[in-house]
1. Say whether the condition of being at pLDDT below 90, in contact with a helix residue (DSSP H, G or I) (Cβ under 9 Å, 6 or more places away or on another chain) and not in a strand (DSSP E or B) is met by at least one residue in region B:48-62.
2. Would you confirm, using the coordinates I've provided, whether residue B:181 is at pLDDT 95 or above, in a loop (DSSP other than H, G, I, E, B) and more than 10 Å from every other protein chain (Cβ to nearest Cβ)?
3. Consider region A:110-146. How many of its residues are in contact (Cβ under 8 Å) with a residue 60 or more places away in the chain, within 30 Å of residue B:85 (Cβ to Cβ) and part of a loop (DSSP other than H, G, I, E, B)?
4. Give me the residue from region B:76-94 that is buried (at least 20 other Cβ atoms within 10 Å of the Cβ) and under 19 Å from residue B:23 (Cα atoms) and, out of that set, modelled with the lowest pLDDT.
5. Hey, among A:187, A:179, which residue is surrounded by 21 or more Cβ atoms within 10 Å (Cβ to Cβ), at pLDDT 90 or above and on the phi < 0 side of the Ramachandran plot?
6. Kindly list the number of the only condition in (1) on the phi > 0 side of the Ramachandran plot; (2) at pLDDT 85 or above that fails for residue A:9.
7. Looking only at region B:100-140, count every residue that is outside any strand (DSSP E or B), within 14 Å of chain A (Cβ to nearest Cβ) and over 18 Å from residue B:34 (Cβ atoms) and tell me the total.
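The values are calculated or read from the model by the stated rules, or taken from the named source; none is laboratory data. Quantities reported herein were computed from a predicted structural model and do not represent experimental measurements. Because the Cβ atoms are built from the backbone with ideal geometry, glycine has one as well, and the counts that use them run over all protein chains shown.
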C-alpha cells in the first residue's frame, strides 16, 4: 500500500471516486430507551471496537452463531466511552452484569424500500431484581472476533455498544425497585 | 415498531459501511462507490438478530463468505434499486461467469478509530470473459430467512452493485488480452 493515498477513508490509488448517491453507505445507528417507572431516558449509543469488529467479521466469517447476546446495566457515571472499551465500567451484579429476566431480538425490514431496517433488542428486569444507580448500559454481542484470519467464534460475548451518562447521553438515576426496568435498544440500518 | 429520533450525535454514534470498487483490465482502470441493495442490508441485519446456530438441523447461520463471489455484467442503462437481487445482464450464465480466482482479507485495529477494511478480490484470466463491462456485483451468503429461523440460501445473493448506469464508472469493452481484476473494498468507519 506504499505510494498510495487515502480517499474517503479507503486506501486507494489516485483515481477519483465518483457516483456518490443514496445507498452508497449503510449506516448503523443505535438508539436506547430506558423505562423504569417514572424514569424514562432516550439516547444514542456509542459503538466500541468490538462492535465494529464483530459486524465486520461477519463479512469474512464462514460459520458460527449470530451476534445477538444480551444487555447489561451498570452504575458508572464518570467513564466516557472509548473504542477500546470491552465491558461496562461498573456492572450491576457480577461481571458482565445481572442478566435481564427476559431478552428478545426482533427484526423489521422492507426489502424493496429505503425505509430503515430496524433490529430491536429488548431486555426486562423484573421489579426488585436490580438496584442502585443506573449510569450506563451495554449491548453485548458475540461473533467472529478471530474471523479475520479464519472463522473462530468468540464464545464469550463482549461489549459492542454502550450508552453512558458520562458521555452526556442521559442523566443517571436511581433504579426504582418497585417496578420493572426495561431497556429497548434499536439498531437502525439507514441508506445514506 | 416504535420510532424515536434523537438529535445528539458525536463520533461513535454511527458505524458506516461503505464499499469502493476498483476494476483493472489492461489499460482500463475504473473506481467507484458501490450501492447496497436490500438483500445486503438484510443479511447483515440478520446476523445481528440471530443468536444461535443449529448445526444439526436444517437451519444454520453462516458468515457472509460461506458462499460468496463477484460477478460482472454488461448492462449500462439500469440504475441500482434496493429491490434488485441480481445483476441485470450477467456475462455468462446467471449469476455470471465466475472468476478464475477469488480471495478476501481483513484489517482491523481494535484500539483506534481507524476503519476496519475488508477486501474481496476476483480475477478472470485473459480471454475468459468478453464484451461490455457495465456492472459488477458482490454476492454474499444470504441469511435471508435468519430473521425468523436462521435458514441460509445455498447460493449467494447480490448484496451490493457497482454500475455504469448509476454514474459510478464509465463502461468499457473488456480487453481479452489482459486479465480482469475486481477489487471490492468494504470499510466500516466510525462516524
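1. Yes, region B:48-62 has at least one match.
2. no
3. So the count comes out to 5.
4. B:80
5. Of the residues listed, the single one that is surrounded by 21 or more Cβ atoms within 10 Å (Cβ to Cβ), at pLDDT 90 or above and on the phi < 0 side of the Ramachandran plot is A:187.
6. Exception for residue A:9: condition (2).
7. Residues that pass the stated criteria total 7.
Yes or no, residue by residue, for (1) within 14 Å of chain B (Cβ to nearest Cβ); (2) in a loop (DSSP other than H, G, I, E, B); (3) under 30 Å from residue B:120 (Cα atoms):
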residue	(1), (2), (3)
A:29	yes, no, yes
A:35	yes, no, no
A:60	yes, yes, yes
A:70	yes, no, no
A:80	yes, yes, no
A:95	no, yes, no
A:103	yes, no, no
